[in-house]
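Single-structure report; data block below.
The values are calculated or read from the model by the stated rules, or taken from the named source; none is laboratory data. Being a predicted model, the structure only gives us computed values, none of them experimental. Don't worry about glycine lacking a Cβ; one is built from the backbone with ideal geometry, like all the others, and counts go over all protein chains shown.
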Amino acid sequence: MQIYMVGGAVRDALLGRPVNDRDWVVVGATPEAMIGQGYLPVGKDFPVFLHPRTKEEYALARTERKTARGYRGFAIHADPGVTLEEDLARRDLTINAIAQDPEGVLIDPFHGRRDLSQRVLRHVTDAFREDPVRILRVARFAARFADFSLAPETLQLMRAMVRDGEVDHLVPERVWQETSRGLMEATPSRMFELLRECGALEKLLPEVNRLWGVPQRAQYHPEVDTGVHLMMVLDMSARLGASLEVRFACLTHDLGKGTTPAELLPRHIGHEQRSARLLLSLANRLRVPNECRELAEVVAREHGNIHRSAEFGAAALVRLLERCDAFRKPQRFDQALLACECDARGRGGLQEQPYPQRPRLLAALAAAQEVATPEIAEAARAAGAEGPKIGELIQQARIAAVQRRLFPGDQPISDSAA
């Protein structure tokens, strides 16, 4: 039995990056031998075991044979005769096909160290074409390693896989899993740019793909192209350390611009409502978690009003807070404001601009939250008021509180904005 550290742990150590998880491959062993040494079996599709003490994963060396379309269409072969090189040959990229023995000696049959030094993402063998998930994984690695280029032959192979219909057989869970991981990388724009370049984005996220080439008003968008703007927004979300929920909201906030009728370009009137409908369709298709879906809907529907909120008086601000459900979910409202900040700063030449709407709206929310709603409701009921009238009195009190906080010394304003 020989044990080797493999994959990302070896790669990241060679790059001088932190090693968070270590994976191991075991050559010359059987499941019975592993169990006999105290390893705990956990693999469903092939023999994987947890170390009895460290709980790290140890997989038996294996080969794969394509049996059907999609990423599940494989027959797994694992026995003591499978060699380390045969196991490494089934991996996706050369930089992930390097092993290290217990003495620290590197085994690198596919020249992964060369590609690390040259900053190249390159597939290991032609077996890459058998698993469409690898297209998504390569795109995700491009988002992680922004200074790496994609080998031309790997791009051509990915394009061929798309033409052959392999990506059509990806299940929604895996598409979302890889997309969400890519969104959380350092340069998420590269994932979507690479998927677009190989043709996979049109298949997997057509609502996003159609944004390229769509013009916007240069007055607000110096970068003009909606797809270019979206990539800048995503990278701003990474720069600001945004959560997955915020980054997904950034990805989907402008989907409606891809369906703006030609006669309305470049103004995109009503794109917010179209964006909200399209993102819900996308979220349903990929089975996106509710937390991501709900925040994205608020951002898609209200980001224009949030951007314009500096023009609103107290009444319009309270109505905006109500539509965003900010009183019940203040943390989600703060996330929505961060997504809007990413949108505002994800524009040509505006990356360093402040976004005063965010602190102003948080101040408005804080003022409105100070209103003692139970006391107002109790007094109203004592005076014979019921549901809608009580809600109206609470809203008026909140408007007055926001008026005092944000417009001190001004007369109350009656406005119909927002």
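In the condition set (1) without any contact (Cβ under 8 Å) to a residue 12 or more places away in the chain; (2) buried (at least 18 other Cβ atoms within 10 Å of the Cβ); (3) assigned to a loop (DSSP other than H, G, I, E, B), HIS221 is compliant with all but (1). Scanning the range 140-162 for any residue that is of a type in the set (Asp, Glu), touching a residue at least 60 places away in the same chain (Cβ under 8 Å) and part of a helix (DSSP H, G or I) turns up nothing. Only a single item in (1) more than 21 Å from MET231 (Cα to Cα); (2) assigned to a loop (DSSP other than H, G, I, E, B); (3) basic (Lys, Arg) is not met by ARG360, and it is number (2). Figure legend. Inter-residue proximity from the range 319-338: first residues at pLDDT 95 or above, second residues among the polar types (S, T, N, Q), beta-carbon distance below 6 Å, spacing 6+ or different chains. Indicated pairs: LEU320/ASN305. Candidates GLN357, GLN353, GLN396, GLN331: the one that is touching a His at 6+ places or on another chain (Cβ under 7 Å) and at negative phi is GLN357.
With respect to the stated conditions, ALA242 fails to be free of Cβ contacts under 8 Å to residues at least 40 places away in the same chain and within 19 Å of PRO188 (Cα to Cα).
Entry remark, the range 92-148: residues being acidic (Asp, Glu) and farther than 19 Å from ASP23 by Cβ number 4 in total.
Might you let me know whether the range 333-344 holds any residue that is surrounded by 14 or more Cβ atoms within 10 Å (Cβ to Cβ), assigned to a loop (DSSP other than H, G, I, E, B) and among the aromatic types (Phe, Trp, Tyr)? First the steps, then the outcome.
Looking only at the range 333-344, we keep the residues that are surrounded by 14 or more Cβ atoms within 10 Å (Cβ to Cβ), and these are 333-344.
When the remaining residues are screened for being assigned to a loop (DSSP other than H, G, I, E, B), the result is none.
No, the conditions are met nowhere in the range 333-344.
Taken together, the residues in the range 363-389 that are free of Cβ contacts under 8 Å to residues at least 12 places away in the same chain and not in a loop (DSSP other than H, G, I, E, B) amount to 9.
Considering only residues of the range 16-36 that are in contact (Cβ under 8 Å) with a residue 12 or more places away in the chain and surrounded by fewer than 15 Cβ atoms within 10 Å (Cβ to Cβ), which is farthest from LEU60 (Cα to Cα)? Before you say what the answer is, go through the steps one by one.
Narrowing the range 16-36 to residues in contact (Cβ under 8 Å) with a residue 12 or more places away in the chain: 21-31, 33-35.
Right, trim to surrounded by fewer than 15 Cβ atoms within 10 Å (Cβ to Cβ) and you get 21, 33, 35.
Working: ASP21: 18, ALA33: 11, ILE35: 12 Å.
That would be ASP21.
What residue, of LEU240, LEU264, LEU251, LEU234, is under 19 Å from CYS342 (Cβ atoms), surrounded by fewer than 19 Cβ atoms within 10 Å (Cβ to Cβ) and assigned by TED's automatic domain parsing to the domain that holds ASP343?
Numbers: LEU264 fails: under 19 Å from CYS342 (Cβ atoms); LEU251 fails: surrounded by fewer than 19 Cβ atoms within 10 Å (Cβ to Cβ); LEU234 fails: surrounded by fewer than 19 Cβ atoms within 10 Å (Cβ to Cβ).
Step by step, each of LEU240, LEU264, LEU251, LEU234 is checked, and only LEU240 is under 19 Å from CYS342 (Cβ atoms), surrounded by fewer than 19 Cβ atoms within 10 Å (Cβ to Cβ) and assigned by TED's automatic domain parsing to the domain that holds ASP343.
One residue stands out in the range 266-281 among those that are in contact (Cβ under 8 Å) with a residue 12 or more places away in the chain and part of a loop (DSSP other than H, G, I, E, B): the one that is nearest to GLU302 (Cα to Cα), namely GLY270. Of all residues in the range 111-135, those being surrounded by 23 or more Cβ atoms within 10 Å (Cβ to Cβ) and more than 18 Å from ARG11 (Cβ to Cβ) number 2.
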